[in-house]
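Enquirer: There's a structure below that I have some questions on.
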Amino acid sequence: MKPISRDEDRLWEEHLYREEPDSDFTLKVMQKLDGVSIESGEEEHSFVKKSMRAHWMRRTGIVAAAVVILAGGAWFAFDHTTEPAQPLVNAVDRLPLPNIPVPEALKYSYFADDYKRLKPLGLVVNPNIYINDQGYTLKIEDVLVDRSHMVMTMQQTTPDGLGLSRLLSELGRIHVTDEEGRQVATLARDTRTKDPLTERLLFQFHDEIPDQVIVRGELRNLNMGSYYNYEKKSYENRDVTVDWSFQFKIDMTQAKSLAVENSMDNTYTTPEGLKFDMTQLVRTPNGTRLDLNVSLDDELRAKVDEDWANYMSIIYHLEIPETNEYRIFNGIRPDSRQAKFRLQDLSELKNGGRLKLSETWDPALVTVDAKNIRFVLDGYTLPVKEEKSVEVDLEKRRKDKNFYAFAQFEQLGDEILFYDFEYEPVMESYDPPKIDVKKGYSLVLKGSGTFLNAFMGDRWVALDASGKEYPVEVIGYPDQPNNNGEYVEDDLQLKIRGFDEEKGTKFTLKREVVDREYRDVNWEVDLPSYSSLPWLK
């Protein structure tokens, strides 16, 4: 088997280690709010949106930073304890879903609606996979399939009956191919919640799909998490070796027939030199998918961070004039509406190629029968190398404890004030960068910040008097944007790993990479319409 690429490994890590609000709670909230409309505007947020990962982490060798984001489920811009006022924008006129039973593994999740859309059309496949090895069981049932995507729920249990949400230490051992073994789908990401006791994997099909698709898994190692070894006095991962090999076939003829595909050729280059190429719009019963390619000119490529494609996001809105609908999608910023499914394919970047992006909108936000949809680009985020530093003297805090801030950092509209500090053992860092600093203490700077930029792709470093570098871990819980469009964090922490009291009181704090947000864009595209939808005939 060919080695797993770094990009595929990264995608699998996002799937296996993403933390989200309880799906049962979220579903109940959704049911309570069925039919509630959202007004238009930058500060209004849909209740159908991405459940933000509890932490965004960046690991980059010796210099690393991380931003931990927690957005608890859905946020609403008005008080639901009172009768909502008449909205300015009509709600999406959603097609009624059939009243059919939903399997237990999907029942308390957003996939319940997906199942109801696809099951009556024959787009749910049950491979009846059940494997029991040493009491560790794997069950695969009710695979959701349309022309765009395949969603596979892998229910895993331990010998004591507990569910597993973190499946593999060997990542990327599931393949979707044609009968000759050629890959026909790429691992994508579901931005919504998932049941914590199952592992749902999302694959996006390529442009050319055979009539018969083979799904094959070669699963050997189960990561049971870490435990503390008292003899070695260290944390260790515990893996269990099993034989969870499986294979099944999916007939794609029905899925291919129930789709409308439109090729596109719309391009736009921003003033900074970032080029968008809109290539395709695909409508299926379970959502509308827009495909884009993103590339950089030579000048911009020299400015961006090497991992720019991991953090690049687009900010846009959709206008549907016929129904006066207005839907804002704000990239990957906290508390923003998200596309249901998202693909960031980095496979061509190694040879100087393009980043492939796909955004799939849930029918609850953008009905699949909507015509004359206009796409309007509002901006994008991109991590660029723009250094700015500040000299920090901890003695200023000790000498005048009544003084609010002993250090201040400002750059590109972002501002951080530091008003306190402490030292803590290195092992208490939530998700430390992959470096050799595993002992001793970390200096924790405490403060508050306001951000105009996206900040989750920032990279920080600290330097002592001798010029030695220390990695920085940034932890924060930003609120919703204020009236100025700034994200405010009143409990910000910067952990400088390995910088203990013996290192002195003076050092340089430097931000090397800024996840810039650009708004100087002007691009509107009328997306292709259709004459009929095959699943409505």
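Enquirer: For Gly457, state whether it is under 19 Å from Thr381 (Cβ atoms), at pLDDT 85 or above and not charged (D, E, K, R).
Expert: Spelling it out, it is not the case that Gly457 is under 19 Å from Thr381 (Cβ atoms), at pLDDT 85 or above and not charged (D, E, K, R).
Enquirer: Shifting gears a bit: Does Gln338 meet the test of being at pLDDT below 90 and either closer than 28 Å to Phe111 by Cα or touching a helix residue (DSSP H, G or I) at 6+ places or on another chain (Cβ under 6 Å) (or both)?
Expert: Details: at pLDDT below 90: yes; either closer than 28 Å to Phe111 by Cα or touching a helix residue (DSSP H, G or I) at 6+ places or on another chain (Cβ under 6 Å) (or both): yes.
Yes, satisfied.
Enquirer: Right, another one. What's the number of the condition Thr360 fails, among (1) in a strand (DSSP E or B); (2) surrounded by fewer than 19 Cβ atoms within 10 Å (Cβ to Cβ)?
Expert: (2)
Enquirer: Of all residues in segment 263-274, how many are charged (D, E, K, R) and buried (at least 16 other Cβ atoms within 10 Å of the Cβ)?
Expert: 1
Enquirer: Further question: Need the failing condition index for Leu343 against (1) farther than 30 Å from Lys537 by Cβ; (2) part of a strand (DSSP E or B); (3) at pLDDT below 95, just the number.
Expert: It fails just one condition, (1).
To keep it simple, each residue is scored yes or no on (1) under 27 Å from the mean Cα position of the chain (by Cα); (2) at pLDDT below 90; (3) surrounded by 16 or more Cβ atoms within 10 Å (Cβ to Cβ).
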residue: Gly353; (1), (2), (3): yes, yes, no
residue: Leu365; (1), (2), (3): yes, yes, yes
residue: Asp378; (1), (2), (3): yes, no, yes
residue: Lys401; (1), (2), (3): no, yes, no
residue: Ala405; (1), (2), (3): no, yes, no
residue: Glu410; (1), (2), (3): no, no, no
residue: Lys434; (1), (2), (3): yes, yes, no
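Rundown of residues vs (1) modelled with pLDDT of 95 or more; (2) surrounded by fewer than 18 Cβ atoms within 10 Å (Cβ to Cβ), yes/no style:
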site	(1), (2)
Gly122	yes, yes
Thr137	no, no
Gly161	no, yes
Arg166	no, yes
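Enquirer: Here's a follow-up. If you go through segment 180-199 one residue at a time, do you hit one that is over 24 Å from Gly122 (Cα atoms), small (Gly, Ala, Ser) and modelled with pLDDT of 90 or more?
Expert: yes
Enquirer: Could I ask something else about it? Is it the case that segment 295-311 has a residue that's touching a strand residue (DSSP E or B) at 6+ places or on another chain (Cβ under 6 Å), within 24 Å of Phe111 (Cβ to Cβ) and buried (at least 21 other Cβ atoms within 10 Å of the Cβ)?
Expert: No, segment 295-311 contains no residue that is touching a strand residue (DSSP E or B) at 6+ places or on another chain (Cβ under 6 Å), within 24 Å of Phe111 (Cβ to Cβ) and buried (at least 21 other Cβ atoms within 10 Å of the Cβ).
Enquirer: Taking segment 412-430 only, how many residues are surrounded by 15 or more Cβ atoms within 10 Å (Cβ to Cβ) and modelled with pLDDT under 85?
Expert: 2
Enquirer: Answer yes or no as to whether Arg374 is surrounded by 19 or more Cβ atoms within 10 Å (Cβ to Cβ) and among the charged types (D, E, K, R).
Expert: So Arg374 does not fit the description; no.
Enquirer: Restricting to segment 256-277, count the residues that are more than 16 Å from Leu300 (Cβ to Cβ) and either modelled with pLDDT under 95 or touching a helix residue (DSSP H, G or I) at 6+ places or on another chain (Cβ under 9 Å) (or both).
Expert: 4
Enquirer: Taking the condition surrounded by fewer than 21 Cβ atoms within 10 Å (Cβ to Cβ) and at pLDDT 85 or above, does Glu348 pass? Lay out the reasoning, then the answer.
Expert: Working: surrounded by fewer than 21 Cβ atoms within 10 Å (Cβ to Cβ): yes; at pLDDT 85 or above: yes.
For Glu348, the condition - surrounded by fewer than 21 Cβ atoms within 10 Å (Cβ to Cβ) and at pLDDT 85 or above - is met.
Enquirer: Restricting attention to segment 493-519, and to residues there that are assigned to a strand (DSSP E or B) and polar (S, T, N, Q), which single residue is surrounded by the most Cβ atoms within 10 Å (Cβ to Cβ)?
Expert: Gln493
Enquirer: Next question. Would you be able to tell me the number of residues in segment 520-537 that are surrounded by 11 or more Cβ atoms within 10 Å (Cβ to Cβ) and of a type in the set (S, T, N, Q)?
Expert: 1
Enquirer: Now, a different point. Based on what the data block shows, is Arg283 under 15 Å from Arg354 (Cβ atoms), more than 22 Å from the chain's Cα centre (by Cα) and either buried (at least 20 other Cβ atoms within 10 Å of the Cβ) or basic (Lys, Arg) (or both)? Don't jump to the end; show me each part of the working.
Expert: Values: under 15 Å from Arg354 (Cβ atoms): no; more than 22 Å from the chain's Cα centre (by Cα): yes; either buried (at least 20 other Cβ atoms within 10 Å of the Cβ) or basic (Lys, Arg) (or both): yes.
No.
The values are calculated or read from the model by the stated rules, or taken from the named source; none is laboratory data. These numbers were taken from a predicted model, which means no experiment stands behind them. Cβ: placed from backbone, ideal geometry, glycine included. Neighbour counts: every protein chain shown.
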